[in-house]
Amino acid sequence: MPTRTSTALRRAATGLLALAFVGSGMAAWTGSATAAERTYQVKTTLDGRTVKDPDVPVGAKRVADMYVAGSPVTLTCQDRGPSYGGSDIWDLTDDGLWIPDAYVDTDSTGMVMARCAIPKSYPAKTDLNGRKKKGEAATAPGAVVDKYREGQSVPVDCQALAGGAIWDHTTDGLWVPDEYVKTGITGFVEGLPRCDVDGLRPGGGDGGTTTHGRNTGPAGPTTGTRQQKVDRVIAAAKSQMGKGLLYSWGAGGKGGPSYGIHHYPDGNPANGDDYDRRGFDCSGFTLYAFWKGAGIDIGANTTAQYKSAHFVPLSQLQPGDLIFWGDGDDRNTTTHVALYLGDDQILEAAPPRDGSSVHIRGTYGRSSWTAHAVRYLS
């Protein structure tokens with residue numbers, strides 16, 4: 001299934017993962033990863049904290065050596081807090097962790113990012129019980145029945161993992177499962193801190209040389225005829241075949257393949273964690289193809305990529321169009337996207353999670369397609 005993230009999931013792609021994010025070998029890059037992100041170099045090895053507290057001990061709210069000296073770190077926003085290293089500015093990373101700005105090479109003594117807006121409010125998809133602990137059942141002792149009614153705003157101040165799923169902590173001191181909150185993505189929300197460090201690994205798990213969730217990279221050319229752009233987009237997509245890349249929730253983006261965000265297929269830890277799988281999910285793959293092939297940012301997830309401004313009838317499919325799986329024209333129901341090649345062939349990133357997850361195959365599941373295809377190249 002696709003990621004409707006940033007980077008979180010980055011994890012994602014956040015995530016993004018990655019969800020949200022830059023690739024290795026880009027330590028000197030300081031441009032915007034998205035309109036809300038910037039990437040800088042870490043001056044010294046830094047711990048990541050879920051709170052702006054220099055003295056919080058390593059443990060539930062602090063992971064040691066999370067960001068290795070000289071490695072890139074992607075920031076989503078900044079805030080004020082206790083002075084540390086000669087500055088009271090704290091940076092929130094795309095992992096949802098706070099780091100002291102004094103030790104990040106932003107070339108500035110002031111804020112260079114927007115101030116973090118916490119909490120963030122999102123409507124409930126259905127009536128929700130508030131739980132006392134993350135991961136609890138809706139009927140667990142102490143649960144507040146129908147605390148958040150369908151459509152009511154849920155004020156989220158941080159997020160955490162429980163049983164491989166994301167849970168939202170509210171300003172009421174309660175927990176709700178994120179899948180029933182309309183955040184607009186599947187993955188950790190950029191600009192929200194983590195509540196704890198469950199599932200996070202020092203140095204990104206490998207000394208800071210990998211990226212999890214959505215990443216960034218140079219845009220491809222925007223010039224040429226429509227056919228030239230179509231050819232380049234398809235070529236960019238085909239270039240990722242045969243590399244042994246795995247299907248991974250929240251993985252991939254403008255910079256190509258990356259590691260995924262924390263996600264257990266079918267919710268079963270025995271199936272492994274996509275955090276350890278490098279490759280693409282469906283929307284990370286199409287994002288890469290259009291960015292590399294035509295310099296077009298189509299959005300980081302299927303919800304964003306299914307744009308009514310570019311709808312075309314399914315009866316008029318052309319190579320370079322995107323096919324979506326979902327309900328009618330409800331972008332919030334989209335579950336998959338693939339690149340149409342012509343002659344009833346598609347190119348997609350899809351399970352199984354093996355080295356052939358990026359592949360060409362015949363069209364399938366037409367009864368589950370959305371009412372329109374999407375054409376970005378005209």
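The values are calculated or read from the model by the stated rules, or taken from the named source; none is laboratory data. Computed from a predicted model, the values in this text were never measured in an experiment. Heads up, the Cβs are rebuilt from the backbone with ideal geometry, glycines too, and the neighbour counts pull from every protein chain shown. Quick note on the areas: whole protein, heavy atoms, side chains included, nothing else; ligands and nucleic acids left out. Shrake-Rupley method; radii C 1.70, N 1.55, O 1.52, S 1.80 Å.
For the chain, list the cysteines whose Cβ sits under 4.7 Å from no other cysteine Cβ?
Unpaired cysteines in the chain: CYS282.
Pop out the carbon and sulfur fraction of the accessible area of the chain as a percent, whole number, probe 1.4 Å.
Here it works out to 49 percent.
State the percent of C-alpha pairs, over all pairs in segment 261-378, separated by a distance greater than 16 angstrom. Provide the component values of the computation, followed by the final result.
Details: 4201 of 6903 pairs.
It works out to 61 percent of all Cα pairs.
Calculate for the chain the 222 nm mean residue ellipticity that helices alone would give, adding -39,500 (n - 2.57) per DSSP H run of length 4 or more and normalising by residue count, nearest 500 deg cm²/dmol.
-2500 deg cm²/dmol
Is there a quick way to get the dipole size of the chain? I mean about its Cα centre, with the Cβ of Lys and Arg at +1 and of Asp and Glu at -1; what is the value in debye to the nearest 20?
That gives a dipole near 560 debye.
Around TRP291, under 14 Å between beta carbons, what's the net of Lys plus Arg minus Asp minus Glu among the other residues?
Charge balance in the 14 Å sphere: +4.
Which entry is the computed percent of Cα pairs over 37 Å apart for this structure: (i) 67; (ii) 19; (iii) 27?
Here the calculated entry is (ii).
Just the number please: accessible area per residue for segment 201-350, 1.4 Å probe, all protein chains included, in Å².
The answer is 37 Å² per residue.
What translational diffusion coefficient, to the nearest whole µm²/s, does segment 257-311 have by Stokes-Einstein, given a Kirkwood radius computed over alpha-carbon pairs, a temperature of 10 °C and 1.306 mPa s viscosity?
My calculation gives 126 µm²/s for D.
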